Amino acid sequence: MTPNGAIVFGLVVVAGAMLARDAGLAMLAVVCIAFGAVEIQSRTLRALTWSAGIVAPLAAFMAVVWIGIVGRAPDEIAAGVTGSRTAAMAHVLTVSGRLFLVALVVQLVISRFAHLTPLQFIRSIAAPVTVKKLTVLTLSLIDTILQAVDRARTALIAAGVVTPGFSMRNIGHGFILIQTVWLSVITIATGRLKDKWPAENTLARLDHALSSPSVPLGCADLIWIGLAAVASAVAVAVR
Amino acid sequence: MERVAIAGPNFSGRSETLRARLGADGKSFFLGPYAEAALSGLSSTVADEIAIYRGSAQRHATFPADIAAAGMRKPATLSGGEQVLLALHCFSRSDYGAIGIDTALEQLDVANRARALDYLAVGAFDVTLADNRVEQAPAGWSRQDTARTADGFSLDLEGIAGALKPRTAPAIAISGMDFSYPSKDIFRGVDLSLAPATIYRLIGDNGAGKTTLLKLLVGVLAPARGTISLDGTPYQPRRSGNRAFALATQNPDHQWCGATLREDVARRRNALSGRGIALPSEEEFAALSRRLGAKSLDNHVYELPLVARKRLSWLWPFCGAMPWAMLDEPTIGQDRDTRVALAAAVTRLGERGYGVLFVTHDDDFAACVPHRVLRIGGGTIREE
């Protein structure tokens, strides 16, 4: 399978999930699990667990709000009917199911190409170099923030301002962590922009690093994209 | 090919001279002292960093670096020395015609530094080097001198050392300590005793775990197994907080707790007062920071030159609040006079009863400080 095929597969599943409900969502989940079983084998379980873990807090929050507090589904509110907690629960399940599918398909695609570095993956995508560069810069910004978080943690733990684990002190001093991270991000970015990048014209190097001949979709790509498209169409039809 | 060593004291415009020589036309590789100036910042892995710099036609002999094999590691997680080695490797795979190095080689261990200087001496490219440990330009290099400017930051380390209050640092005992990063084992079953009020130098190859040991002692990292005690009392900094070690980090920007020195000191005071640790008064901190070159506690630390920030990072170990001082590569970027003054001040710390753990690849600096040596490598720490 090619990265382009996996991305199209993911986009089709996400589009289907946004329109599907109940049985349709279950059908798309089956396609995703089948994709995982074939393409990443035992790592599918990890992808499922990770996706459930990501969605669970939001699902719990929605359950409290819609089932516990509001007690009606949004479409019931729009129609001006009394409504029921059962309908609210169905609404929460649908939204949570959609989010779960999105998280799952992203995780499956990432796991499928875990052997590639981020640059290799982006390089192989069929997209204009500008889009690829923007993707690299976005990842760079994320990495910079993570680096700044690590710096800030080092500074504040060594000084005793925050603790390594959860504590009331950390809640009280959360704003110090945010300020320190922000200052670190600025320092790191300034350091690059002032010294490194102007001398090297570093960004221009991405043109060469990201250009690659386009790879046509393979048989496996077409099969998975076709399966996802059929499942999405059926899922939309049965909603 | 032109090889130039820029020589001069701190605040004499060496970095500006170096940047001016490189120009801004994108034809030179720049290697600065810390991650943001050594690495591209565009890659998430070591392999990607190398791929970004790989030229369409490699023009130089490859600078071999073990770290190039650690393809999936995040560049920012490498030690300072490893980052410099990676940057040199990237340059060697690129098509740049010149390289400028601003004090970065000071982070390399003796063998790697010699290898790097040998590589720079014979490559078919221009080199501009600012390095405090190159006193004489090597054969075949020209020398460009810079002179101190009038608005330099004054430094009075003698005054700081003279004002230190005596105390007795506790003995440290580490027993059966294991620690690993996801991609690398660092310590396996380490047993170590550090005598009270003694100065230790940590040595080892780049990436051996010197900074990691300091981070374990202050509680930033947690050992997978093993115990630490101070004077026989169990010490768990990750649970009870760091109450014994004042850390000056290799990159000074890894230690600020605020935007200004006043904010930094206030936050540390607030954190430590709850643990019964007394800090000097604000007036004493103001006097200390003036002696380290800050005009006022209200200086924004991030707006000061890097060399000045590095000096201010010593404020914490030298304020006397903690019985053990930790100095990670304290001489990076510092000229000869400053290194001599710092060596005398560190010696004074030991004489006043403080314990000191310092990491440096600067043998000349270390030779000026009476110390014991701890060698880190192969998962162990042993005293030599």
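Here are the numbers for this structure:
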item	result
MRE, 222 nm, helices only [DSSP H, n ≥ 4, -39500 (n - 2.57), over chain A, to nearest 500]	-25000 deg cm²/dmol
Peptides ranked, highest mean first, by Cβ atoms within 10 Å: ranges B:276-282, A:180-186	A:180-186, B:276-282
Ranked list, fewest to most other Cβ atoms within 10 Å of each Cβ, for B:F125, B:F91	B:F125, B:F91
25 °C / 0.890 mPa s Stokes-Einstein diffusion coefficient of segment A:129-210, Kirkwood radius on C-alpha pairs, µm²/s	169 µm²/s
More than 42 angstrom apart: percent of Cα pairs within chain B	11 percent
Total charge dipole magnitude, segment B:5-137, about the Cα centre, Cβ charges on Lys, Arg, Asp, Glu only, Debye to nearest 20	180 debye
Label-zone membership for segment A:1-34, site A:L116, 7 angstrom Cα→C-beta point, backbone N under 19 Å	A:1-14
Fewest-first ranking of A:K196, B:K295, using other Cβ atoms within 10 Å as the exposure measure	B:K295, A:K196
For residues of B:227-238, the mean tally of beta carbons on other chains within 10 Å	1
Among beta bridges that DSSP assigns inside chain B, antiparallel share in %, nearest 5	35 percent
12 Å beta-carbon shell around B:P330, net charge (K/R +1, D/E -1)	0
Kirkwood Rh and Cα Rg combined as Rg over Rh, evaluated for segment B:3-145	0.94
Cα gyration tensor shape for segment A:7-67, rounded if a/c is under 1.5, else prolate or oblate	oblate
For residues of A:201-211, the mean tally of beta carbons on other chains within 10 Å	5
Extension gain (nm, one decimal) between B:Q136 and B:S154, 0.36 nm per residue minus Cα-Cα	3.9 nm
Three-way shape label, segment B:164-259, alpha-carbon gyration tensor, a/c 1.5	rounded
DSSP bridge pairs, segment B:157-383: antiparallel proportion in percent, nearest 5	55 percent
Amide proton proximity set for B:I199, modelled H, under 5 Å, gap of 5+	B:V356, B:R372
R0 of 35 Å, Cβ-Cβ distance B:C368-A:N201: FRET efficiency to nearest 0.05	0.25
Antiparallel bridges, percent of DSSP beta bridges restricted to the protein assembly as shown (to nearest 5)	35 percent
Aspartates and glutamates whose Cα lies under 19 Å from that of B:K165, excluding same-chain neighbours fewer than 8 positions away	B:D156, B:E282, B:E283, B:E284, B:E351
Set of lysines near B:K74 by C-alpha distance (under 24 Å), chain-local residues within fewer than 8 positions excluded	A:K132, A:K133, A:K194, A:K196, B:K184, B:K210, B:K215
Size of electric dipole in chain A: Cβ of Lys, Arg +1 and of Asp, Glu -1, about Cα centre, debye, nearest 20	340 debye
Dipole magnitude (debye, nearest 20) for chain B, charges at Cβ of Lys, Arg, Asp, Glu	840 debye
Residue mean of other protein chain beta carbons inside 10 Å, B:252-263	5
Helix-derived mean residue ellipticity, 222 nm - over chain B, DSSP H n ≥ 4, -39500 (n - 2.57), to 500	-9000 deg cm²/dmol
For chain A: rounded, prolate or oblate by the Cα gyration tensor [a/c cutoff 1.5]	oblate
Spin-label pair B:A171/B:D298, simplified geometry with 7 Å Cα→Cβ offset, distance in nm	5.0 nm
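FYI, it's all coordinate maths here, none of it is from the lab. Computed from a prediction, not measured in an experiment: that's the story for all the values here. Note: ideal-geometry Cβ built from the backbone for every residue, glycine included; neighbour counts use all protein chains shown.
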